[in-house]
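One structure is given below, represented as structure tokens, and several questions about it will come after.
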Amino acid sequence: MVKRASGLTLWLLLSAGWIWAAGLDTTRIAAKPVFGKEARIITYLLDNNHYRKIRFNDSLSSVVFDRYFEELDNSKMYFTAADLKDFEQYRYRIDDLCKVENVTPAFEIYARFQERYRSRLKDVITRLVPQNFDFTVDEYYETDRDHLPWAKSKEELDDIWRKAVKSQALSLKLTGKKQEEITDVLKKRFERLLKTYDQLNSEDVFSYYMNCITEAYDPHTNYLSPKATDLFKQSMTLSLEGIGARLQTENDYTKVVEIIPGGPADKSKQLHPNDLISGVAQGIEGEMVDVVGWRIDEVVKLIKGPKGTIVRLQVLPAATGVNGPPIVLSFVREKVKLEDLAAKKKVISYSTNGKNMKLGVITLPSFYMDFDAYQKGDKNYRSTTRDVKKLIEELQTEGVNGIVMDLRNNGGGSLAEAIDLTGLFIKDGPVVQVKSSDDRVQVGLDEDKQIEYNGPLVVLTNRFSASASEIFAGAIQDYHRGLVVGESTYGKGTVQTVIDLDRFIKDSDKVGELKLTFQKFYRVTGSSTQHKGVTPDVQLPSALSPEQFGESASPSALPWDVIRKADYQSTTDVNDKLVASINKNYQERLQFDPSLKKYAGEMEGVRKNLKETRISLNEVKRKKEMDEAEKEKSANTNLDTKIGSKEGLSTDDLSKLKDEVLREGLLILSEMVNSRIG
């Protein structure tokens, strides 16, 4: 099942212009003349420059038509099937209208949504919120409604809303709130929602509409409004202060999509992808503000703040799901600096069969380069390759027997650095192929014949290793230079460029930018990294299914394909016999190693919780589910203690690791070391 987010991811929502200013009236929003000009230029650029080489025609217009309704009302709780039918006249005309500078559908459909939204929330506040619900009735609320059909009538929506509000009321009751408090919290919650939509402006609506058009081509092609452009540039320079997490709205909650390496959340190890944020508080004693149902940027405003200050989050952990108990986490806000994103090393000792090993770990959060320092002629400028080369030299001086390159949660960065970094581990040759929209293929070469490190090598990946990470991991695998261990990677094998629309439009009003996909990555084998990503040689347990997370979760993602193989010479460091032996030993550990078995069980539990979208509205059943989730969590904590104190357990560094994926990667590395010795 593909679980779509309600709205776009954080930076994309910002790019869509969801910024609200107080004091705006609630009159019908009208389009500015410049919007039509932008629509015409954007559709022209998409038709003529996008990698996909498809035309904005009637077929794509129909896709955009459906997407716009779904983006405005992702949970299908405001529109009915009759509303869509009323606007059916536009289904196959959006393409033609954009080309003649007409964006009427965007504003007419939004006006209907605004009407439905106001009417529905006023009804909820006056009729449903004051209700004293009967929580003995055995019924359920489906939280994931995007895959369901549009309601056939207002009466059907009435019942959906009754269950939604009842579910929220029950959640509050189970935290210990009395009926008066529940009513007060819900009233304030829905009054705020009503207010926020009344503060949207025309740029917001246009941005939303245009992103429905651009994302019909692929998920990484986006329209950036003038305001969003500034925010995007800010985020690219890492100048924003907060907790270091990428967020999106999903149903009623703010979901953690990604933990930014080097940020407070990453350092704390408390917040994880797929955790749900339900409240935000300022400082140690500040009141916890309920943010269920809030727009994503409103939540972000509360989370962001001055460096050094404390923010507290009320969270429903992914490990226990929406039926589990909430927890409160504290973070000290800070900026994510280049130093925090830089490569780091450590040495792990390991004793096995009377042999003592030193295993090196290099953690690489991103592929970076300090372009400013480089352009100024600074001979000591920082870059991924320079830093890793130095770390390798230090590790070799310390006498390590093998190295793990940890690329988990590395979302990519500089392509040049991915090529140069690969060059530290291979003699020379092609690293990546880049195909442009005009079918030309360029080969990214490592031309330096020097090898910095030729010993046993493991590359750790997970579902959030993307782009440049996939190029590096894929090249190491294709050259048989090392083993890739962990989860299949994200599958982001496309390249974007940003086009300033001001080049084509001269107007008194500011215009935005278009981020356009125009190239695609391919491995030296000819296989694309797009969609499929890099499949590990040793696949570890994962809570995330490709259908729900990563590139393959997007219906408009570019497909996987193959081009001609590059001319390269692989090594003999890794062969089928070694891979088979290591996988056999891993499967045995999966059966008998208590720590690995516990980890696999946890991942299966999280996977199950992520798929569970039906919530009981019966108090006894919901309380039982919460207790069971808490009991399971406590059992895992107790198992940690037992594993750590087991008699006869080795006292080396590896046995003390709480990071099970890294522990497994190091065990596999030790087997590679022994295979060379043997």
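Can you pull out every residue in segment 425-453 that is buried (at least 18 other Cβ atoms within 10 Å of the Cβ) and not charged (D, E, K, R)?
PHE425, ILE426, GLY429, PRO430, VAL431, VAL432, GLN433, GLY444, TYR453
Going through segment 318-333 one residue at a time, which ones are modelled with pLDDT under 85 and under 23 Å from the mean Cα position of the chain (by Cα)?
ALA318, ALA319, THR320, GLY321, VAL322, ASN323, GLY324
Filter segment 78-92 down to the residues that are among the charged types (D, E, K, R) and either buried (at least 16 other Cβ atoms within 10 Å of the Cβ) or touching a Leu at 6+ places or on another chain (Cβ under 9 Å) (or both), then identify the one that is farthest from SER59 (Cα to Cα).
ASP83
So which strands (runs of 3 or more DSSP E) are wholly in segment 468-534 and hold at least 3 residues that are of a type outside the set (A, V, I, L, M, F, W, C)?
So the answer is 494-500, 513-522.
Still on this model: Look through segment 535-553, keep the residues that are among the polar types (S, T, N, Q) and assigned to a loop (DSSP other than H, G, I, E, B), and return whichever of them is farthest from TYR490 (Cα to Cα).
Top of the filtered list is SER542.
Just to verify a result, which residue in segment 278-335, among those that are among the acidic types (Asp, Glu) and in contact (Cβ under 8 Å) with a residue 40 or more places away in the chain, is nearest to ILE260 (Cα to Cα)?
GLU334
While we're looking at this one, here's another question. Within segment 215-270, how many residues turn out to be under 30 Å from THR43 (Cβ atoms), modelled with pLDDT of 85 or more, polar (S, T, N, Q) and not in a strand (DSSP E or B)?
2
Ok, one more. Among the listed residues LEU617, LEU596, identify the single one that is at pLDDT 85 or above, over 22 Å from SER670 (Cα atoms) and not acidic (Asp, Glu).
Step by step, each of LEU617, LEU596 is checked, and only LEU617 is at pLDDT 85 or above, over 22 Å from SER670 (Cα atoms) and not acidic (Asp, Glu).
Would you confirm whether any residue within segment 554-574 is among the hydrophobic types (A, V, I, L, M, F, W, C), surrounded by 18 or more Cβ atoms within 10 Å (Cβ to Cβ) and in a helix (DSSP H, G or I)? Outline the logic, then answer.
Here is the first cut: in segment 554-574, the residues among the hydrophobic types (A, V, I, L, M, F, W, C) are 557-558, 560, 562-563, 566, 574.
From what is left, the residues that are surrounded by 18 or more Cβ atoms within 10 Å (Cβ to Cβ) are 557-558, 566, 574.
Adding the requirement that they be in a helix (DSSP H, G or I) leaves none.
Checking segment 554-574: not a single residue is among the hydrophobic types (A, V, I, L, M, F, W, C), surrounded by 18 or more Cβ atoms within 10 Å (Cβ to Cβ) and in a helix (DSSP H, G or I).
For segment 288-298, check the following and say yes or no: at least one residue is more than 24 Å from GLY412 (Cβ to Cβ), of a type outside the set (D, E, K, R), within 17 Å of the chain's Cα centre (by Cα) and outside the structural domain of ARG386 (by TED's automatic domain parsing).
Within segment 288-298, the subset more than 24 Å from GLY412 (Cβ to Cβ) is 288-295, 297-298.
Still in the list and also of a type outside the set (D, E, K, R): 288-289, 291-294.
Remaining after also requiring within 17 Å of the chain's Cα centre (by Cα): none.
There is no residue in segment 288-298 that is more than 24 Å from GLY412 (Cβ to Cβ), of a type outside the set (D, E, K, R), within 17 Å of the chain's Cα centre (by Cα) and outside the structural domain of ARG386 (by TED's automatic domain parsing).
Taking the stated definitions as given, is ASN401 over 30 Å from GLY526 (Cβ atoms) and of a type in the set (S, T, N, Q)? Break it down stepwise before answering.
Details: over 30 Å from GLY526 (Cβ atoms): yes; of a type in the set (S, T, N, Q): yes.
Spelling it out, ASN401 is indeed over 30 Å from GLY526 (Cβ atoms) and of a type in the set (S, T, N, Q).
Hey, another quick one. Which one of these does ARG145 not meet: (1) basic (Lys, Arg); (2) farther than 23 Å from TYR197 by Cα; (3) in contact with a Lys or Arg (Cβ under 9 Å, 6 or more places away or on another chain)?
With respect to (1) basic (Lys, Arg); (2) farther than 23 Å from TYR197 by Cα; (3) in contact with a Lys or Arg (Cβ under 9 Å, 6 or more places away or on another chain), ARG145 is out only on (2).
Among the helices (runs of 4 or more DSSP H) confined wholly to segment 78-191, which include 3 or more residues that are more than 21 Å from LEU617 (Cα to Cα) and out of contact with any strand residue (DSSP E or B) (no Cβ under 8 Å at 6 or more places or on another chain)?
By residue number, 81-86, 94-99, 104-123.
The conditions are (1) at pLDDT below 90; (2) under 26 Å from the mean Cα position of the chain (by Cα); (3) surrounded by fewer than 17 Cβ atoms within 10 Å (Cβ to Cβ), and ASN638 fails exactly one of them. Which is it?
Condition not satisfied by ASN638: (2).
Turning to a different aspect of this structure: Name the residue, out of VAL579, VAL511, VAL495, that is at pLDDT 95 or above and of a type in the set (Val, Ile, Thr).
Working: VAL511 fails: at pLDDT 95 or above; VAL495 fails: at pLDDT 95 or above.
So the residue among VAL579, VAL511, VAL495 that is at pLDDT 95 or above and of a type in the set (Val, Ile, Thr) is VAL579.
Name the one entry in PRO317, PRO261, PRO306 that is over 26 Å from ASP144 (Cα atoms), of a type outside the set (Lys, Arg), buried (at least 20 other Cβ atoms within 10 Å of the Cβ) and not assigned by TED's automatic domain parsing to the domain that holds GLY412.
PRO261
Continuing with the same structure: Out of the residues in segment 243-258 that are closer than 17 Å to THR320 by Cα and within 12 Å of the chain's Cα centre (by Cα), state the one that is surrounded by the fewest Cβ atoms within 10 Å (Cβ to Cβ).
So, considering only residues that are closer than 17 Å to THR320 by Cα and within 12 Å of the chain's Cα centre (by Cα), the one surrounded by the fewest Cβ atoms within 10 Å (Cβ to Cβ) is VAL257.
Another question, if that's okay. Consider THR309 against the criteria (1) of a type in the set (S, T, N, Q); (2) under 20 Å from the mean Cα position of the chain (by Cα); (3) under 13 Å from ARG333 (Cβ atoms): it satisfies all of them except one. Which criterion is unmet?
(2)
For segment 290-310, name all the residues that are modelled with pLDDT of 85 or more and in a strand (DSSP E or B).
ILE310, the sole residue that qualifies.
Could you list, in sequence order, the residues of segment 347-378 that are of a type in the set (D, E, K, R), within 28 Å of LEU654 (Cβ to Cβ) and surrounded by 15 or more Cβ atoms within 10 Å (Cβ to Cβ)?
Once the filter is applied, which keeps residues that are of a type in the set (D, E, K, R), within 28 Å of LEU654 (Cβ to Cβ) and surrounded by 15 or more Cβ atoms within 10 Å (Cβ to Cβ), segment 347-378 yields only LYS358.
Next up: Would you point out which residue out of HIS531, HIS480 is modelled with pLDDT under 95 and assigned by TED's automatic domain parsing to the domain that holds SER670? If you could, list the steps in order and put the result at the bottom.
Numbers: HIS480 fails: modelled with pLDDT under 95.
After applying the criteria, what remains is HIS531.
Does segment 437-467 hold any residues that are closer than 29 Å to LEU662 by Cα and either not assigned by TED's automatic domain parsing to the domain that holds PRO536 or not hydrophobic (A, V, I, L, M, F, W, C) (or both), and which are they?
Selection gives ASP446, GLN450, GLU452, TYR453, ASN454, GLY455, PRO456, THR461, ASN462, ARG463, SER465, SER467.
Select from segment 57-73 the residues that are of a type outside the set (D, E, K, R) and in a helix (DSSP H, G or I) and list them in ascending order. Steps first, please.
Start the filter on segment 57-73 by keeping residues that are of a type outside the set (D, E, K, R), which leaves 57, 59-65, 68-69, 72.
If the condition is that a residue be of a type outside the set (D, E, K, R) and in a helix (DSSP H, G or I), then SER59, LEU60, SER61, SER62, VAL63, VAL64, PHE65, TYR68, PHE69, LEU72 are the ones that fit.
Restricting attention to segment 429-469, which residues are at positive phi and acidic (Asp, Glu)?
Listed by number, the list holds a single entry, ASP439.
Test of understanding: among GLU551, GLU547, which residue is surrounded by fewer than 19 Cβ atoms within 10 Å (Cβ to Cβ), within 20 Å of the chain's Cα centre (by Cα) and not basic (Lys, Arg)?
Residue meeting the stated conditions: GLU547.
Listed here are the residues, each with its yes/no results for (1) over 30 Å from LYS515 (Cα atoms); (2) crowded, with 19+ Cβ neighbours inside 10 Å; (3) acidic (Asp, Glu).
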position: VAL137; (1), (2), (3): yes, no, no
position: GLU142; (1), (2), (3): yes, no, yes
position: ILE160; (1), (2), (3): yes, no, no
position: LEU170; (1), (2), (3): yes, yes, no
position: LYS173; (1), (2), (3): yes, no, no
position: LEU194; (1), (2), (3): yes, no, no
position: PHE206; (1), (2), (3): no, yes, no
position: ALA216; (1), (2), (3): no, yes, no
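The values are calculated or read from the model by the stated rules, or taken from the named source; none is laboratory data. Not measured: the values here are computed from a predicted model. Note that each Cβ is placed from the backbone with ideal geometry, even for glycine, and that neighbours are counted across all protein chains shown.
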